[in-house]
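*Asks:* The structure's right below; bear with me while I get my questions together.
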Amino acid sequence: MPQAVSYNLKIGDIVYNNISSTTYTNPKNTFPNNSTILWAVQAQFSNNQTSPWSNNWGFTGLTPIGFADVNGDGKVDSIIKGSDGILNVRTSDGRGFIGSLAPWTSAAVTGTHGIYYADVNGDGKADAIQVNDDGIYVSLSDGTKFAPAVNWTNTPYYGTRGIYFADVNGDGKADAIVVNDDRIHVRLSDGVNFTSSSDKIWTDKPYYGTREMYFADVNGDGKADAIMVNDDGVYVSIASTNSFLSPVKWTDIPYYGTRGTYFADINGDGKADAIVVNDDGVYVRLSDGSSFTHTSLYTAIGFSYYGTLATYFADVTGSGGTDAIKLNSDGIYVSPATISLEYFPIRTLYRSVLFTSYL
């Protein structure tokens, strides 16, 4: 009897059996002549939602804020701001947001220009960031609460086109990025401040999307890149040592969702992929490091997926994949990213359009 062999499969891998019944994996579309059975490793957002992840959530007097891993366990948690300004957290156990709301700040949070969550000191836990008129205030997470807010800039720092927090230099700490009408400016984090000495211009010309602007690592080098979503396509400027390189068009067609556009690593290869949410489902273009490839449907046919209040993509289950999250008035619903083996007889390989959508 053949011995069972285990493989660490990734989405897009191909599994085939030859005549001797030995199992192999192959990363793309090359096959031995004696292949007889073929599978493709497929990802999809599950449509099995038996109950919300936030039973008795209670939205009265509460404003949904965001999702981030605040305790460093690899699972993204839910964070909301109460009517009193206090940030409250329900942590994820991989199957739901557990317990009752727990206050994580002792004082009200304002954030006149927004409240954000990112790991700015590199300890693996997302911190709370308030952008106020007089500066950026950070409340570091210790895994059980947010510390009192500290001004990390001591001067106003926000963009006319937006402010973002992402690690652009690959040191594991999220940096402060402001998008202005003329250019993108960056202040690097040193773990205790967004340093004034590192306040640099990262583009030599205006850089913002006609539709949306994002920052995510799309080529897997550990540095967040600048992403413009324009009417004619998605453009990427790769982060170099101290600047964003000239923009390159990463889609051959316009690519944005009627319900939203997002960037997250769907297939676990370390590169953020392009996700669009339309009325009829969630579509993904995987990143190959230099472009977003062909479009694949990641929800079941006829299965729409978006929240009445908001939609998010983050790993709340701790699986290493990216889950789809719906924020509705009655609670938070999660569709985990599932990976399965889809069977295709070898004779259909070269004529199956469906098969190519999994590569």
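The values are calculated or read from the model by the stated rules, or taken from the named source; none is laboratory data. No experiment lies behind these values; they were computed from the predicted model shown. Virtual Cβ from ideal backbone geometry, glycine too; neighbours counted across all protein chains shown. What goes into the accessible areas is simple: the full protein's heavy atoms, side chains included, and nothing from ligands, DNA or RNA. Shrake-Rupley method; radii C 1.70, N 1.55, O 1.52, S 1.80 Å.
*Asks:* Please enumerate the residues belonging to region 81-139 that are touching a Lys or Arg at 6+ places or on another chain (Cβ under 8 Å), within 21 Å of ASP167 (Cβ to Cβ) and open to solvent by less than 10 Å² (accessible area, probe 1.4 Å).
*Replies:* Result: VAL120, single match.
*Asks:* Of everything in region 296-318 that's in contact (Cβ under 8 Å) with a residue 60 or more places away in the chain and not hydrophobic (A, V, I, L, M, F, W, C), which residue is most open to solvent (accessible area, probe 1.4 Å)?
*Replies:* Here the residue is TYR312.
*Asks:* Same structure, new question: Report yes if some residue within region 200-207 is crowded, with 19+ Cβ neighbours inside 10 Å, basic (Lys, Arg) and within 13 Å of ASN169 (Cβ to Cβ); otherwise report no.
*Replies:* No, because not a single residue in region 200-207 is crowded, with 19+ Cβ neighbours inside 10 Å, basic (Lys, Arg) and within 13 Å of ASN169 (Cβ to Cβ).
*Asks:* So, of the residues in region 329-343 that are open to solvent by 20 Å² or more (accessible area, probe 1.4 Å) and part of a strand (DSSP E or B), which turns out to be modelled with the highest pLDDT? Don't jump to the end; show me each part of the working.
*Replies:* Here is the first cut: in region 329-343, the ones open to solvent by 20 Å² or more (accessible area, probe 1.4 Å) are 329-330, 333, 336-343.
Retained after the next criterion (residues that are part of a strand (DSSP E or B)): 333, 337-343.
Values: TYR333: 85, ALA337: 74, THR338: 65, ILE339: 54, SER340: 50, LEU341: 44, GLU342: 45, TYR343: 42.
By that ranking, first place goes to TYR333.
*Asks:* State whether the residues of region 164-174 include one that is over 24 Å from ASP204 (Cα atoms), over 23 Å from the mean Cα position of the chain (by Cα) and either assigned to a strand (DSSP E or B) or of a type outside the set (Ser, Thr, Tyr) (or both).
*Replies:* Looking for residues that are over 24 Å from ASP204 (Cα atoms), over 23 Å from the mean Cα position of the chain (by Cα) and either assigned to a strand (DSSP E or B) or of a type outside the set (Ser, Thr, Tyr) (or both), one finds none in region 164-174, hence no.
*Asks:* Here's something else I'd like to know. Need pairs with beta-carbon distance below 6 Å; first residue of a type outside the set (Lys, Arg) and within region 268-280, second open to solvent by 40 Å² or more (accessible area, probe 1.4 Å) and outside any loop (DSSP other than H, G, I, E, B); sequence gap 6+ or separate chains.
*Replies:* ILE275/TYR262; VAL276/TYR283
*Asks:* Which residue pairs have Cβ atoms under 6 Å apart, sit 6 or more places apart or on different chains, and have a first residue in region 189-213 that is under 30 Å from ILE275 (Cβ atoms) and a second that is open to solvent by less than 30 Å² (accessible area, probe 1.4 Å) and outside any strand (DSSP E or B)?
*Replies:* That search, which allows pairs on different chains as well, returns SER189/VAL120; PHE194/TRP152; PHE194/THR153.
*Asks:* If the requirement is being in contact with a helix residue (DSSP H, G or I) (Cβ under 9 Å, 6 or more places away or on another chain) and farther than 22 Å from MET228 by Cβ, which of these qualifies: ASP190, ASP199?
*Replies:* ASP190
*Asks:* How about region 231-255: which of its residues are over 22 Å from TYR116 (Cα atoms) and open to solvent by less than 20 Å² (accessible area, probe 1.4 Å)?
*Replies:* Residues satisfying the conditions are GLY233, VAL234, VAL236, SER237, PHE244, TRP250, THR251, TYR255.
*Asks:* Look at GLY281 and say whether it is of a type outside the set (Val, Ile, Thr), at pLDDT 85 or above and at positive phi.
*Replies:* Criteria met by GLY281.
*Asks:* Got at least one residue in region 60-70 being part of a loop (DSSP other than H, G, I, E, B), modelled with pLDDT of 95 or more and not polar (S, T, N, Q)?
*Replies:* yes
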